[in-house]
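The values are calculated or read from the model by the stated rules, or taken from the named source; none is laboratory data. Note that the coordinates shown come from a computational prediction; the quantities given were computed from them, not determined experimentally. All Cβ positions, glycine included, derive from the backbone under ideal geometry; neighbour counts span all protein chains shown. Heavy atoms of the whole protein, side chains included, go into the accessibility calculation; ligands, DNA and RNA do not. Shrake-Rupley method; radii C 1.70, N 1.55, O 1.52, S 1.80 Å.
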Amino acid sequence: MTKRFALGIFDDEDVLMHAIENVRAAGVKIYEVFTPFPIHGIDDALGIERSRLPIAAFFYGMCGLAFALWMQIYMLGFDWPMIIGGKPHIALPAFIPVSFELTVFFTCHGMVITFYTISKLYPRWRTPVLDVRSTDDKFVMAIEINESTDLNNLSKLLRENGASEVNEKEMTKN
């Protein structure tokens with residue numbers, strides 16, 4: 001599957017932020033914006049909704065805590081009960097360090113797997129990059145174009161809003 005993009009290249013993040021507002025106000029759907037560093041407020045300007053990843057983190061943490069408690073209660077209370085220092089077999093205060101560590105372990109690993117899955121950052125030989133300069137010093141606004149898109153008007157809109165250059169790029173999805 002091949003997609004075509006119009007790439008607006010910007011030199012300054014403030015110009016880019018104003019361009020995002022103006023391009024969205026003109027009714028153009030922005031596919032993605034690539035920047036060499038994080039820009040505060042760009043998510044709101046692009047209209048990106050708040051992530052639900054914290055809900056997943058809470059779920060993974062609860063699974064880790066439940067697993068840790070189940071594992072310790074089973075091992076020390078049923079599988080191999082031992083009286084250590086006169087404490088009961090199921091001594092919850094002694095379980096706190098292991099429970100904490102497994103909660104953090106499950107949360108971290110679950111979040112990494114979830115983030116990579118949602119972002120479609122799978123292992124591959126070659127990562128597709130629309131413009132290499134977006135990793136160095138340029139800001140790239142990518143707009144998906146199709147047969148009904150007027151490329152001349154889009155190019156004019158991007159240049160009027162501060163784009164130093166406008167390019168067209170085709171990407172093939174592997």
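When segment 146-162 is filtered for residues that are under 30 Å from the mean Cα position of the chain (by Cα) and either basic (Lys, Arg) or not assigned by TED's automatic domain parsing to the domain that holds VAL23 (or both), only ARG159 remains.
Residues that are surrounded by 12 or more Cβ atoms within 10 Å (Cβ to Cβ), touching a Leu at 6+ places or on another chain (Cβ under 7 Å) and modelled with pLDDT under 95 are absent from segment 71-83.
How many residues are of a type in the set (Phe, Trp, Tyr) and either open to solvent by 70 Å² or more (accessible area, probe 1.4 Å) or without any contact (Cβ under 8 Å) to a residue 12 or more places away in the chain (or both) when one looks only at segment 10-33? Number satisfying all stated conditions: 1.
Can you find even one residue in segment 123-130 that is out of contact with any helix residue (DSSP H, G or I) (no Cβ under 9 Å at 6 or more places or on another chain), surrounded by 13 or more Cβ atoms within 10 Å (Cβ to Cβ) and touching a residue at least 12 places away in the same chain (Cβ under 8 Å)? Yes, segment 123-130 contains at least one residue that is out of contact with any helix residue (DSSP H, G or I) (no Cβ under 9 Å at 6 or more places or on another chain), surrounded by 13 or more Cβ atoms within 10 Å (Cβ to Cβ) and touching a residue at least 12 places away in the same chain (Cβ under 8 Å). Applying the set (1) in a loop (DSSP other than H, G, I, E, B); (2) touching a helix residue (DSSP H, G or I) at 6+ places or on another chain (Cβ under 6 Å); (3) at negative phi; (4) open to solvent by less than 60 Å² (accessible area, probe 1.4 Å) to ALA163 leaves exactly one unmet item: (2). Residues in segment 70-87 that are of a type in the set (Val, Ile, Thr) and either in contact (Cβ under 8 Å) with a residue 12 or more places away in the chain or not in a loop (DSSP other than H, G, I, E, B) (or both): ILE73 only.
For segment 88-132, the set of residues classified as within 30 Å of PRO36 (Cβ to Cβ), among the aliphatic types (A, V, I, L, M) and in a helix (DSSP H, G or I) consists of MET111, VAL112, ILE113, ILE118, VAL132, listed by residue number. Residues that are part of a loop (DSSP other than H, G, I, E, B), within 18 Å of ILE143 (Cβ to Cβ) and not hydrophobic (A, V, I, L, M, F, W, C) within segment 12-59 comprise GLY27, LYS29, TYR31, THR35, GLY47, listed in sequence order.
The rows are residues; the columns are (1) within 35 Å of the chain's Cα centre (by Cα); (2) closer than 30 Å to LEU16 by Cα; (3) in the same structural domain as ILE113 (by TED's automatic domain parsing).
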site: HIS40; (1), (2), (3): yes, yes, no
site: ASP43; (1), (2), (3): yes, yes, no
site: ALA66; (1), (2), (3): yes, no, yes
site: LEU69; (1), (2), (3): yes, no, yes
site: ILE73; (1), (2), (3): no, no, yes
site: ASP79; (1), (2), (3): no, no, yes
site: GLY85; (1), (2), (3): no, no, yes
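Of all the criteria given as (1) surrounded by 15 or more Cβ atoms within 10 Å (Cβ to Cβ); (2) part of a helix (DSSP H, G or I); (3) hydrophobic (A, V, I, L, M, F, W, C), the one not satisfied by VAL140 is (2).
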